[in-house]
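Down below is the structure, laid out as structure tokens.
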Amino acid sequence: MQRSLAALTSELQRLKAEGKRTVSISDESVALLRRALAPATSAAAQPRPAPVSAPTFSPAPAVSAPAKAVAAPAAKSEPSLPPAPVVRLPEGDKADRWAALRELVLSDPTCRANVRPGGQVVFGVGNIETRIMFVGEAPGAEEEQQGEPFVGPAGQLLTKMIGAMGLERPDVYIGNIMNWRPQMPVSAGGVQYGNRPPTAGEMAYCLPYLTAQIEVVAPQLIVALGKTAAEGLLGAGTFRALGEVRGHWHTFAGRPLMVTYHPSYVLHTPSSQNKRLIWEDLLKVMEKAGLEISDRQRGFFLGK
């Protein structure tokens, strides 16, 4: 049941990324959800960061009775966090400054306090001399265990995408808006199933650390992966659906910013059309970064 709920959570996040705010669900499914969520409700009694508002569930009409609107569980108030840190790095070469920044983030009391037992604070990895920096939203289960961004299924797909660009993962830099995995209620065994996007407050706290990484690494351009990362970099409320801003050049920290879909979008909807949408964005990234593009690369995911 927990894995089913995790799959449901991922699907709702995908729909939210597409700009959808309501879904239809039968009365029977609503009843099943209520029973499944009953244990999680008691586990959620302990204070912890709140999930973002979920889309509203609107049950599909039943033959014997009119449809009834059933609201999703209300989100708790956003957790209280201290003011965002002011990052001051020592003088020195790029490698020394990056190492100092990494130590600063990994030892940050707020970051450490929000990591569950057995998890790790997650910092960016890769080539600090790169031209291209990828930015995601927050660590997931695999990431908090390994202390590295994009190592789960979505990360494996990102590695393949980078390979299709004619690069290897160590050739680029990969970071996240958030440095810890946003918490959700856990099972009786203490396991957290599923993920949620970080709140605006959580992103605001961690953003100075990402900005400092951009300053130190000084990439030629940045790629935002997914709606949450785009909101963190462009500002909440600047767009409603990711399609409004993806595929276009924006600016963050004085550097060109390309917005595209998160790799998990392709994992959930693995059509050639969706793969082509992301690939067209990456072709623009390759062009601006001065990477050579073959005819074969330009034709990826066309006519299939």
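For the stretch 238-257, the condition of being in contact with a Gly (Cβ under 8 Å, 6 or more places away or on another chain) and outside any helix (DSSP H, G or I) holds for at least one residue. Scanning the stretch 258-304 for residues that are among the basic types (Lys, Arg) and touching a Gly at 6+ places or on another chain (Cβ under 8 Å) returns a single hit, LYS284.
When GLU231 is tested against (1) without any contact (Cβ under 8 Å) to a residue 40 or more places away in the chain; (2) buried (at least 18 other Cβ atoms within 10 Å of the Cβ); (3) within 21 Å of GLY126 (Cα to Cα), just one condition goes unmet, and that condition is (3). Filtering the stretch 294-304 to residues that are at pLDDT 95 or above, loosely packed, with under 13 Cβ neighbours inside 10 Å and in a loop (DSSP other than H, G, I, E, B) leaves SER294, GLY299.
Only one of the listed residues (THR110, THR130) is in a helix (DSSP H, G or I), modelled with pLDDT of 95 or more and among the polar types (S, T, N, Q). That residue is THR110.
Looking only at the stretch 262-283, decide whether some residue is surrounded by 14 or more Cβ atoms within 10 Å (Cβ to Cβ), more than 24 Å from ASN114 (Cβ to Cβ) and acidic (Asp, Glu). Yes. Residues in the stretch 107-128 that are hydrophobic (A, V, I, L, M, F, W, C) and either farther than 17 Å from LEU81 by Cα or touching a strand residue (DSSP E or B) at 6+ places or on another chain (Cβ under 8 Å) (or both): VAL122, PHE123, VAL125, ILE128.
Under 30 Å from ARG298 (Cα atoms) and either β-branched (Val, Ile, Thr) or surrounded by fewer than 23 Cβ atoms within 10 Å (Cβ to Cβ) (or both), is that true of VAL191? No, not satisfied.
Counting only residues that are surrounded by fewer than 18 Cβ atoms within 10 Å (Cβ to Cβ) and at positive phi, the stretch 84-129 holds 2 of them. So GLY226 fits all but one of (1) surrounded by fewer than 23 Cβ atoms within 10 Å (Cβ to Cβ); (2) small (Gly, Ala, Ser); (3) on the phi > 0 side of the Ramachandran plot; what number is the exception? Here GLY226 meets the rest and fails (1). All told, ARG276 meets the bar of being assigned to a helix (DSSP H, G or I), at pLDDT 95 or above and not small (Gly, Ala, Ser). Within the stretch 260-267, does at least one residue satisfy the condition of being part of a strand (DSSP E or B), without any contact (Cβ under 8 Å) to a residue 12 or more places away in the chain, among the hydroxyl-bearing types (Ser, Thr, Tyr) and assigned by TED's automatic domain parsing to the domain that holds THR211? No.
The values are calculated or read from the model by the stated rules, or taken from the named source; none is laboratory data. Fair warning: this is a prediction, and the values are worked out from it, not measured in the lab. We place every Cβ from the backbone using ideal geometry, glycine too, and count neighbours over all the protein chains shown.
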